[in-house]
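K.L.:
First the structure, which I've put down as structure tokens, then a few questions once you've had a look.
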Amino acid sequence: MKKLALVVPCYNEEKRLDFEAIENYLQKADGTHLYFANDGSTDQTLSLLEKFCARFENASVVNFEQNRGKAETVRLATVEILNNHECDLIGFWDADLATPLNEIDNFLRELKNRESIKVILGTRILRLGVTINRKRYRHYLGRVFATIVSMMLKLPVYDTQCGAKIFDAKLAKKIYQEKFVTKWFFDVELFFRSIDPKIGGVSKDSFYELPLEKWEDVAGSKLKPTDFIKTPIELFKIYMKYYNA
């Protein structure tokens, strides 16, 4: 079984961390290690995580004293893990567990059955028989955003911003080394780096979107509606970086 390292970025999450759900997952997880990356939290997040992780061999805290934002926290934690621990797969998962941890098993099942996959990401598609509860305005803004990104990447990606993604560790070593040019849409940058012949060099067949069985919009998100105003600027930064390299 392949070893999975999963980064869970945390910033002031003391009221949102579902330790019961995390414990239930860790008790049955086989080959998966959760790394909670504390992003300079000013509440009790760090102490709660340290106390919790001390009880489990497959859970650790990666602490950053200074707040750096989700993108840089995920990047630095990933680099640190890849440099100091053995794993075959590495990814990140939102701390609010909007995507439940039991979805990880579905990700790993697809990776086992499809050996060509180098990047697997959750996608929030509302359909019969599943539970996808997402704010309407976020859904429609997300559809516009994903369509633009799909055209930029020339990849038929449906949902770039779901906070559940896993990468082949060898590919991750290539695409996480350099600091991101955008703090909001680093997911998009990771896709660009993956397909860039000078960085990741993988084909579009190396990507796989897995429709989630459950996704719940959890209150307390750090992302505000007004943040979408920054979208054109952030996408332009990415365009300038990767189309003019």
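K.L.:
Can you name the number of the only condition in (1) more than 19 Å from the chain's Cα centre (by Cα); (2) open to solvent by less than 40 Å² (accessible area, probe 1.4 Å) that LEU121 fails?
P.N.:
For LEU121, the failing item is (1).
K.L.:
Mind counting the residues in the stretch 144-170 that are part of a helix (DSSP H, G or I) and among the charged types (D, E, K, R)?
P.N.:
Count: 1.
K.L.:
Regarding the stretch 125-143, can at least one residue be identified that is at pLDDT 90 or above, open to solvent by less than 10 Å² (accessible area, probe 1.4 Å) and either of a type in the set (Phe, Trp, Tyr) or not in a loop (DSSP other than H, G, I, E, B) (or both)?
P.N.:
no
K.L.:
Inspect all residues belonging to the stretch 125-132 and state whether any of them is touching a helix residue (DSSP H, G or I) at 6+ places or on another chain (Cβ under 6 Å) and either of a type outside the set (S, T, N, Q) or touching a residue at least 24 places away in the same chain (Cβ under 8 Å) (or both).
P.N.:
Scanning the stretch 125-132, I find no residue that is touching a helix residue (DSSP H, G or I) at 6+ places or on another chain (Cβ under 6 Å) and either of a type outside the set (S, T, N, Q) or touching a residue at least 24 places away in the same chain (Cβ under 8 Å) (or both), so the answer is no.
K.L.:
Which pairs have Cβ atoms under 9 Å, sit 6 or more apart or on different chains, and link a residue in the stretch 171-197 that is under 17 Å from GLU80 (Cβ atoms) and at pLDDT 95 or above to one that is among the acidic types (Asp, Glu) and part of a loop (DSSP other than H, G, I, E, B)?
P.N.:
ILE175/ASP196
K.L.:
Now a separate question. For the stretch 176-198, which residues satisfy the criterion of being surrounded by fewer than 18 Cβ atoms within 10 Å (Cβ to Cβ) and among the β-branched types (Val, Ile, Thr)?
P.N.:
Matches in the stretch 176-198: VAL181 only.
K.L.:
Something else about it: Among the numbered criteria (1) outside any helix (DSSP H, G or I); (2) surrounded by fewer than 18 Cβ atoms within 10 Å (Cβ to Cβ), which one does LYS173 miss?
P.N.:
The failed condition is (1).
K.L.:
Give me the residue from the stretch 51-73 that is aliphatic (A, V, I, L, M) and in contact (Cβ under 8 Å) with a residue 24 or more places away in the chain and, out of that set, nearest to THR32 (Cα to Cα). If you could, list the steps in order and put the result at the bottom.
P.N.:
Keep residues of the stretch 51-73 that are aliphatic (A, V, I, L, M), which gives 54, 59, 61-62, 71.
Among the residues that remain, those that are also in contact (Cβ under 8 Å) with a residue 24 or more places away in the chain are: 59, 61-62, 71.
Values: ALA59: 9, VAL61: 15, VAL62: 16, ALA71: 22 Å.
Only one residue tops the list, namely ALA59.
K.L.:
Also: Among the listed residues PHE56, PHE36, which satisfies the condition of being modelled with pLDDT of 95 or more, out of contact with any Phe, Trp or Tyr (no Cβ under 9 Å at 6 or more places or on another chain) and either of a type in the set (A, V, I, L, M, F, W, C) or farther than 19 Å from VAL218 by Cα (or both)?
P.N.:
Answer to the check: PHE56.
K.L.:
For TYR158, state whether it is more than 26 Å from ILE104 (Cβ to Cβ) and open to solvent by 60 Å² or more (accessible area, probe 1.4 Å).
P.N.:
Details: more than 26 Å from ILE104 (Cβ to Cβ): no; open to solvent by 60 Å² or more (accessible area, probe 1.4 Å): yes.
So TYR158 fails the test.
The values are calculated or read from the model by the stated rules, or taken from the named source; none is laboratory data. Here the structure is a predicted model, which means the values were calculated and not measured. Positions of Cβ are backbone-derived with ideal geometry, glycine not excepted, and every protein chain shown enters the neighbour counts. To get the accessible areas, we keep the full protein, side chains included, count just its heavy atoms, and leave off ligands, DNA and RNA. Shrake-Rupley method; radii C 1.70, N 1.55, O 1.52, S 1.80 Å.
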